[in-house]
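Computed from the coordinates by the stated procedures, all read-outs in this text should not be read as laboratory data. Small disclaimer: the values here were computed from a predicted structure and weren't measured. Every residue, glycine among them, receives a Cβ derived from its backbone with ideal geometry; neighbour counts consider all protein chains shown.
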Amino acid sequence: MSNMLRFEFRKMFRGKALWICSGVVLLIVGISLGTIIAFQDMITESMNAAESSGGVYVSIADTFQYSGKYFLSSALSNITTILAVFVPIFVTHDFSHGILKTVVSRGCRRTNILAAKVVAVLVAALIFSAVAMVSSVAIGTAKWGFGGSVDWRFFANLLTQILIIFTMACFYFSISMLIRKTGGSIAVCVVSMTVLSLIFTLIEVLADNDKISHFHLETMLAKLSTVSTDSGLMLRYAVTCVAYLAVMAVLNTLFFRRIDIG
């Protein structure tokens, strides 16, 4: 197992995909917050002009309560698409280059191979999360300040969001293992969350139950992207993610044991 972990980490850290995707995450955060800053400055200038003409001034910063803490809590929404691209590239690389066949022929257990790949994918997801969170809180704090103190609910919120990101990464991993082609896996992963959102919404309408969409990973992430979060909601989402991870672990293990690696 340790040899497989070293192999996967060496392949991941020496490859270009991890660093390119990390750079894209940083770029997305910069563009997103830069757009907000530019929009705020534009509106502020307009309101200053209105105030000087006898109008009423309202600060847009006070209206939306921007802060480093606010952007930290919503940072992980910036990496979902990057995960949908990176995970298929990383997972299908061994299939498309025949590396997996060589590894299996050397007597490595398939469960160890699978576990090592999952751990590497989760580490990559954690790196993307760290890049997004650090850059978001740095830019937000530099512009608006951090936004006050935090309590255990805030940290629990962040940890729950990271658990959702891990679950999403494992979902993309499962799709990539099933398709085993880079282009097809990327295409399916990128559109999968949108398709699932439509399915959950349709079921929600048909069942007349507005809680069904809460089982959708992107909806869960969006609900938690606030500074103040209900602890009961976080617990429910955490349990849902653990259940998803358990089901995917069983299905991936059964599938990987039976596929023909040619």
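Quick look at the numbers
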| item | result |
| --- | --- |
| Descending Cα extents along the principal axes, the range 86-186, whole Å | 56, 26, 19 |
| The range 140-227: trypsin sites (Lys or Arg not before Pro) in DSSP coil with no more than 10 other Cβ atoms inside 10 Å | Lys211 |
| Listed residues Leu233, Leu33, Leu202, most fluctuating in the chain (Gaussian network, C-alpha, under 10 Å) | Leu202 |
| Filtered trypsin sites (Lys or Arg not before Pro), the range 85-138: DSSP coil and at most 14 other beta carbons within 10 Å | Arg106, Arg109 |
| Proxy reagent accessibility, fewest Cβ within 10 Å first, across Tyr237, Tyr66 | Tyr66, Tyr237 |
| Per-pair calculated FRET efficiency, R0 = 30 Å: Phe155 and Leu5 via Cβ, rounded to 0.05 | 0.60 |
| Estimated dipole of the chain in Debye, rounded to 20 [Cβ of Lys and Arg +1, of Asp and Glu -1, Cα centre] | 1760 |
| Value at 222 nm in deg cm²/dmol, rounded to 500, when DSSP H runs of n ≥ 4 in the chain each add -39,500 (n - 2.57) | -27000 deg cm²/dmol |
| Isotropic mean projected area of the C-alpha convex hull, the range 2-258 (nm²) | 16.9 |
| Charge dipole of the chain about the Cα centre (unit charges at C-beta), most positive-ward option of Ser105, Gly183, His216 | Ser105 |
